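Input: a single structure, listed below in structure tokens.
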Amino acid sequence: MNRRNPQLNANGELIHLLSTEGLGKDILTQILDTATNFVSVSTRDVKKVPLLRGKSVFNLFFENSTRTRTTFEIAATRLSADVLNLDIARSSTSKGESLLDTIDNLTAMSADIFVMRHSQSGAPYLVAQHVPKHVHVVNAGDGRHAHPTQALLDMYTVRHFKGDVSQLSVAIVGDVLHSRVARSNIHALTTLGCPDVRVVGPRTLVPSDMSSMGVRVCHDLQEGIAGADVVIALRLQNERMSGALLPSSQEYFKSFGLTTERMRWAKPDAIVMHPGPINRGVEIDSEVVDGPQAVILSQVTFGIAVRMAVMAIVASNEG
Amino acid sequence: MNRRNPQLNANGELIHLLSTEGLGKDILTQILDTATNFVSVSTRDVKKVPLLRGKSVFNLFFENSTRTRTTFEIAATRLSADVLNLDIARSSTSKGESLLDTIDNLTAMSADIFVMRHSQSGAPYLVAQHVPKHVHVVNAGDGRHAHPTQALLDMYTVRHFKGDVSQLSVAIVGDVLHSRVARSNIHALTTLGCPDVRVVGPRTLVPSDMSSMGVRVCHDLQEGIAGADVVIALRLQNERMSGALLPSSQEYFKSFGLTTERMRWAKPDAIVMHPGPINRGVEIDSEVVDGPQAVILSQVTFGIAVRMAVMAIVASNEG
Amino acid sequence: MNRRNPQLNANGELIHLLSTEGLGKDILTQILDTATNFVSVSTRDVKKVPLLRGKSVFNLFFENSTRTRTTFEIAATRLSADVLNLDIARSSTSKGESLLDTIDNLTAMSADIFVMRHSQSGAPYLVAQHVPKHVHVVNAGDGRHAHPTQALLDMYTVRHFKGDVSQLSVAIVGDVLHSRVARSNIHALTTLGCPDVRVVGPRTLVPSDMSSMGVRVCHDLQEGIAGADVVIALRLQNERMSGALLPSSQEYFKSFGLTTERMRWAKPDAIVMHPGPINRGVEIDSEVVDGPQAVILSQVTFGIAVRMAVMAIVASNEG
């Protein structure tokens, strides 16, 4: 196991994107600045740049997510790469082949970038430390650990609508404990100098010891979003809605659902974000989703540009 | 709800293809004429034109149909578009996201054209009225309502082999009641001035009140195809073959199956069409399928060109 | 039924690749020589040549194999072809359409090459004899019959590492009886003049009458690989591991598993090959897989080049 940050080469350049944790402000800012240039590509008549022409991008989704896979496929296609979607659930992995044997095989087919989602936390690290120098790994979500491109597109969105992150109050509301999105956002916000990050939700989903991540823990929604510039609602996973962690989705909405009235507790010009897909009427009211403060669809648009930026940057650096 | 035809913009130009119903002879003819130019593309050495280069076409098949999806994928690829196939059954829709939220998300990824199949009649209308002006919807089959590209390729085929539709007798044989193909063909034939359209089948599948659509209802095959220039056999869906509507597929074949002998009731140079996939020996005898009057594979070939024409036309018009 | 070899046109040029059986040394050598030129394409910065630009390659996998399908998709993409993956299990075939009706439909969409895997031996022959002259069929594995591109990439690998096949001893170890890979390799080796081919395994998997194929049958591993230049381990299918044919995978490993110690029976510079995916600890020990004699990942790399060569050659010849 290498003590050096596996995301960076010896020159400190990004070669894999595995987590926002451990990346400096310079790298995060480089990605966001590069994404700015790519936002316009998707508004052109010909939505393509030739940056990754002839490169092979493999979408390795061990956990199914049509939405995230699609955004990476679009991003790679707009960079002119060749994209291969591997239906992993039905492939050799199920024939008993190990993860690293699968990776070795695809590397032997001259892969350039692996975009990888896996239910096990850390799987992309394992792969990144295994592949040869010219191959790059982008984590598209691993277990409860990290979802760095979602965090980066969230940072892009915050910066686009509210400017300098170091002047802002940001509240993350919902099932923070189980959310890789929340975790990656907290690291990115902290690194970019955000002085006031709050995590908001019931004690079962936001335990008090999360304060060790440098955030304020709030179990009351009003206290949690009071004066916030940015409110990020997390998706409530169906599997938490009944049982030990939450009494029901209606109960959750009663205490923590974002409504137009409650949004008045935040700053008047606060924005509302959500990683999608939305459960209308569970973590967020339809009126808020469709209202003027929501920037949820802008997040999606910026997500393409941020993923283009990440792939373009890692592909330009050697391990 | 807009009273204007949602398929046309204020200048009367085609911006969505949702149904052959409500489209004028000028629009139908424009599509068929444009398709003529595209037929030759598929016979070239390099089967591509750069018309939709850098455009994003999303195949949204909420109802599975590998065949139809493939024809649209080929058509879009030959126009040089980037095609994304969304496996909707496994995507966010199944996570409780609404159809329009899914559409908003994909639109935010800078989609240009949605090709959409849905089990609910009218779903493509809902989407067409929801998307921004620069996004286009092509209906690839909605419930029992419409299948306009199938009807247009049928019109192309008729025109190619038999010339001016206003001089022809056309018989549609089979489960007309439940067929979106039949419905779309009837509208297209009527609009193009076909003076003699017959719908032919047992009372359970061809009720007498279908005559209100401007067609002649026949419950006897001989009467139905007598002197016809064109005989369109419909696919008999398996789910109708037993039970209340039909005694059995053998019974159906005995009364309404197209055989070489029975085809003598039609004009000697009549053509036989079928939307596929064929049930040999159920709605049509193998000898007819493989015989000189069948133009079923030409329909497939023309289908690519017609779909290229539809996508090229809608993409060139603003909403 | 045509008596002429269906893989060759009247000039003796390759128009379909169905089996290594029946192909002469000249054709096999042409494929291997052409592949040499394509190996470098996958190491370029832009991994593409425009040879098949605008051609339509259909991947028809009636039997699922993500790995093999992926290698053909990559090969076709690097030749700049448009690739369509057909999810046959869910398509019209399951609606009762016959194989040849499906093929006719896809041919009518202007297919150029069908890459086909099928559980029934001979299915690709049926298709090759059915399609028009300008359409080509590449067998990606049919039943227990043949897997010619695997055999060709194996021949490429042997030639690359050990030189002239006519000077070599080659041992194929494992379930030879049920292996289309073994069968295709035996034909290719024999045609290329390999003087010493041994098939090695228990009597249930390597019956004595296999000697009629011109190979030596060995039921003892030491005898089988003694002095061999090349040892090809076959994958042991799970379904054989218990029951009548084999007592258990542990028993098999005890008698026929390749270990570092046993590999000393072969020549000191012998290479070890495997078609993948590997069952570590069943047919081959991990130490061998990861050791210096294994060329298993080179096989994968050469497989892309060999498939590019096959598609480029057949596409350049008329039926």
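If you go through region C:111-133 and keep only what is aliphatic (A, V, I, L, M) and under 12 Å from C:A146 (Cβ atoms), you end up with C:M116, C:A123.
B:L51 meets all of the listed conditions (1) out of contact with any helix residue (DSSP H, G or I) (no Cβ under 9 Å at 6 or more places or on another chain); (2) of a type in the set (A, V, I, L, M, F, W, C); (3) at pLDDT 95 or above but one, namely (1). At least 1 residues being among the small types (G, A, S) and either surrounded by 24 or more Cβ atoms within 10 Å (Cβ to Cβ) or away from every other protein chain (no Cβ under 14 Å) (or both) is the threshold, and among the strands (runs of 3 or more DSSP E) wholly inside region B:102-187 those reaching it are B:136-142, B:169-173.
Would you confirm whether any residue within region A:217-225 is touching a Phe, Trp or Tyr at 6+ places or on another chain (Cβ under 9 Å), closer than 16 Å to A:K267 by Cβ and touching a residue at least 60 places away in the same chain (Cβ under 8 Å)? Taking every residue of region A:217-225 in turn, none turns out to be touching a Phe, Trp or Tyr at 6+ places or on another chain (Cβ under 9 Å), closer than 16 Å to A:K267 by Cβ and touching a residue at least 60 places away in the same chain (Cβ under 8 Å).
In contact with an Asp or Glu (Cβ under 6 Å, 6 or more places away or on another chain), farther than 29 Å from C:G163 by Cβ and of a type outside the set (F, W, Y): does that describe C:L246? Answer is no for this residue. Within region C:85-96, being over 22 Å from C:H147 (Cβ atoms) and either assigned to a helix (DSSP H, G or I) or at pLDDT 95 or above (or both) holds for C:R90, C:S92, C:S94, C:K95. Could you tell me which residue of region A:145-163 is farthest from the chain's Cα centre (by Cα), considering only residues that are under 20 Å from A:P124 (Cβ atoms) and of a type in the set (S, T, N, Q)? The selected residue is A:T149. Using the structure shown, decide if A:V314 is in a helix (DSSP H, G or I) and within 30 Å of A:I27 (Cβ to Cβ). When the stated conditions are applied, A:V314 passes them. Would it be correct to say that B:L236 is within 14 Å of chain C (Cβ to nearest Cβ) and touching a Ser or Thr at 6+ places or on another chain (Cβ under 7 Å)? Taking the combined requirement at face value, the residue satisfies it.
Within region A:21-33, the residues that satisfy the criterion of being in a helix (DSSP H, G or I) and either within 14 Å of chain B (Cβ to nearest Cβ) or crowded, with 17+ Cβ neighbours inside 10 Å (or both) are A:I27, A:L28, A:I31, A:L32. For region A:188-200, a residue qualifies if it is out of contact with any Leu (no Cβ under 7 Å at 6 or more places or on another chain) and assigned to a loop (DSSP other than H, G, I, E, B), and the qualifying residues are A:G193, A:P195. Is it true that some residue in region C:172-190 is among the polar types (S, T, N, Q) and in the same structural domain as C:E73 (by TED's automatic domain parsing)? No, the conditions are met nowhere in region C:172-190.
Any chance region C:170-183 includes a residue that's under 21 Å from C:K25 (Cβ atoms), out of contact with any strand residue (DSSP E or B) (no Cβ under 6 Å at 6 or more places or on another chain) and not charged (D, E, K, R)? Yes; the residues of region C:170-183 include at least one that is under 21 Å from C:K25 (Cβ atoms), out of contact with any strand residue (DSSP E or B) (no Cβ under 6 Å at 6 or more places or on another chain) and not charged (D, E, K, R).
Check whether at least one residue in region A:259-275 is within 14 Å of chain B (Cβ to nearest Cβ) and among the polar types (S, T, N, Q), and report yes or no. Looking through region A:259-275, none of the residues is within 14 Å of chain B (Cβ to nearest Cβ) and among the polar types (S, T, N, Q). When residues in region B:308-319 are screened for being out of contact with any strand residue (DSSP E or B) (no Cβ under 8 Å at 6 or more places or on another chain) and buried (at least 23 other Cβ atoms within 10 Å of the Cβ), 2 of them pass. Restricting attention to region B:48-80 and to residues that are in a loop (DSSP other than H, G, I, E, B) and surrounded by 23 or more Cβ atoms within 10 Å (Cβ to Cβ), the residue that is farthest from the other protein chains (Cβ to nearest Cβ) turns out to be B:L79. Could you check, for region A:102-115, whether at least one of its residues is at pLDDT below 95, more than 17 Å from A:L14 (Cβ to Cβ) and over 21 Å from the mean Cα position of the chain (by Cα)? The answer is yes, given that some residue of region A:102-115 is at pLDDT below 95, more than 17 Å from A:L14 (Cβ to Cβ) and over 21 Å from the mean Cα position of the chain (by Cα). The test for being within 22 Å of A:Q7 (Cβ to Cβ) and in contact with a Pro (Cβ under 9 Å, 6 or more places away or on another chain) does not hold for A:A182. Selection of region C:276-307 for residues being within 10 Å of chain A (Cβ to nearest Cβ), closer than 22 Å to C:L152 by Cβ and without any contact (Cβ under 8 Å) to a residue 40 or more places away in the chain yields C:I296, C:L297. None of B:I304, B:I313, B:I284 is modelled with pLDDT of 95 or more and within 15 Å of B:I172 (Cβ to Cβ) except B:I284. Within region B:34-47, the set of residues being assigned to a loop (DSSP other than H, G, I, E, B) and of a type outside the set (D, E) comprises B:R44, B:V46, B:K47. Of the residues that make up region A:203-210, is at least one at pLDDT below 95, on the phi < 0 side of the Ramachandran plot and acidic (D, E)? Yes: region A:203-210 contains one or more residues that are at pLDDT below 95, on the phi < 0 side of the Ramachandran plot and acidic (D, E). Evaluating A:V39 against the criteria (1) within 11 Å of chain B (Cβ to nearest Cβ); (2) within 22 Å of C:L84 (Cα to Cα) leaves one unmet condition, (2).
The values are calculated or read from the model by the stated rules, or taken from the named source; none is laboratory data. Note that this is a predicted model, so its numbers are computed, not measured. A quick note on method: Cβ atoms are made from the backbone with ideal geometry, for glycine too, and the neighbour counts reach across all protein chains shown.
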